[in-house]
1. In segment 202-220, what residues are assigned to a helix (DSSP H, G or I) and more than 24 Å from N156 (Cβ to Cβ)?
2. Considering A148, A138, A166, which residue is modelled with pLDDT under 95 and among the small types (G, A, S)?
3. Return the total of residues in segment 194-250 being under 16 Å from the mean Cα position of the chain (by Cα) and among the basic types (K, R).
4. What are the residues in segment 115-135 that are among the aliphatic types (A, V, I, L, M) and either at pLDDT below 95 or within 27 Å of W175 (Cβ to Cβ) (or both), if any?
5. Can you name the residue in segment 126-135 that is under 20 Å from T215 (Cβ atoms) and hydrophobic (A, V, I, L, M, F, W, C) and is also surrounded by the fewest Cβ atoms within 10 Å (Cβ to Cβ) among such residues?
6. In segment 221-246, what residues are touching a helix residue (DSSP H, G or I) at 6+ places or on another chain (Cβ under 8 Å) and in a loop (DSSP other than H, G, I, E, B)?
7. Can you work out which of the residues in segment 136-195 that are among the hydroxyl-bearing types (S, T, Y) and part of a helix (DSSP H, G or I) is surrounded by the fewest Cβ atoms within 10 Å (Cβ to Cβ)?
8. Are there any pairs, at least 6 apart or on different chains, whose C-beta atoms fall under 8 Å, with the first in segment 156-178 and among the β-branched types (V, I, T) and the second surrounded by 14 or more Cβ atoms within 10 Å (Cβ to Cβ), and if so, which?
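The values are calculated or read from the model by the stated rules, or taken from the named source; none is laboratory data. Worth saying up front: this structure is predicted, and the values here are computed from it rather than measured. As a convention, Cβ positions derive from the backbone with ideal geometry for all residues, glycine included, and neighbour counts pool all protein chains shown.
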Amino acid sequence: MAKKSSGRDALRAERERQAAAQRRRETLLRIGIAVGVGVIIVAIVGVVGWQRSRVDTNAAFPAGVARGAAGASTASPKPPGVGSGIGVGKADAPVVVELFEDFSCPHCREFELEATEMLKQQVDGGRVRVVYYPLTLAQFGRPTQLSANAFACAANDGKAREMHDALYANFSQEWTNDQLVQLGQSLGLTSSSFRSCVRGEKYADWVRSLTITGTDRGVSGTPTVLVNGKELDPDDTSATALQLAIDSALAKSQ
């Protein structure tokens with residue numbers, strides 16, 4: 001009888017030891033996960049902070065920079081400048097469409113091929129103002145930075161929309177500054193100031209600043225489309241969805 005009791009006690013003790021060991025493992029795992037999440041958060045904050053440290057907030061910015069939809073920006077109430085997108089269309093248009101795109105993004109090109117003509121009609125009719133934020137996603141490398149700078153140079157010469165549309169119509173992920181100068185020439189951008197702006201990457205700081213603007217605005221992918229500050233469903237950034245959102249916003253403005 002004593003042997004059976006001793007055996008049961010030993011089994012109970014072993015189970016308790018295993019349970020205690022399992023609890024320690026779970027505790028360590030929870031601590032590890034918490035530390036890991038903390039490291040990720042710190043890393044993200046560090047990257048954003050690093051991005052900010054690289055941008056000269058007093059740097060040159062192109063003509064046509066504009067605020068987005070009223071109340072949509074998280075930026076301080078300063079005049080539009082570094083970090084602001086480039087506006088096209090009447091400043092008092094009842095609808096503001098904000099486009100966060102990357103000139104090297106295939107999905108952005110698909111969207112633009114559908115939506116460009118419709119947006120052009122809306123802008124020319126005074127109903128819509130478009131604010132372009134050319135983001136430069138890391139996976140597309142330097143060519144996308146060069147194309148965004150060239151877009152800014154074109155805006156400085158009053159041809160922002162023309163350059164924007166031409167970059168998507170002549171889609172490439174391997175732009176060079178010489179090619180971008182040639183593209184500008186096809187649009188009538190033949191001045192020496194445009195050439196030097198492109199080749200000297202005059203608006204590199206402005207281009208980098210838009211990545212921070214996208215982060216501050218919660219942009220998580222391209223294209224991101226907002227109509228009067230309200231984001232379109234990321235799973236349906238189509239010309240049809242944009243047209244419906246514009247129609248709804250116009251109806252509300254009347």
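1. First, pick out the residues of segment 202-220 that are assigned to a helix (DSSP H, G or I): 204-216.
Residues satisfying the conditions are T215, D216.
2. Numbers: A148 fails: modelled with pLDDT under 95; A166 fails: modelled with pLDDT under 95.
Testing whether each residue is modelled with pLDDT under 95 and among the small types (G, A, S) leaves just A138.
3. Adding up the residues that qualify gives 3.
4. Looking only at segment 115-135, we keep the residues that are among the aliphatic types (A, V, I, L, M), and these are 115, 118-119, 123, 128, 130-131, 135.
Once the filter is applied, which keeps residues that are among the aliphatic types (A, V, I, L, M) and either at pLDDT below 95 or within 27 Å of W175 (Cβ to Cβ) (or both), segment 115-135 yields A115, M118, L119, V123, V130, V131, L135.
5. Residues of segment 126-135 under 20 Å from T215 (Cβ atoms): 131-135.
Restricting the remaining residues to those that are hydrophobic (A, V, I, L, M, F, W, C) gives 131, 135.
Numbers: V131: 24, L135: 26.
Here the answer is V131.
6. Listed by number, the residues that qualify are G221, T222, P223, N228, L232, D233, T237, S238.
7. Let us first name the residues in segment 136-195 that are among the hydroxyl-bearing types (S, T, Y), namely 136, 144, 147, 168, 172, 176, 186, 190-193.
Going one step further and asking which of them are part of a helix (DSSP H, G or I), we end up with 144, 147, 168, 186, 192-193.
Working: T144: 24, S147: 29, Y168: 17, S186: 11, S192: 7, S193: 12.
So, considering only residues that are among the hydroxyl-bearing types (S, T, Y) and part of a helix (DSSP H, G or I), the one surrounded by the fewest Cβ atoms within 10 Å (Cβ to Cβ) is S192.
8. T176/P143; T176/L146
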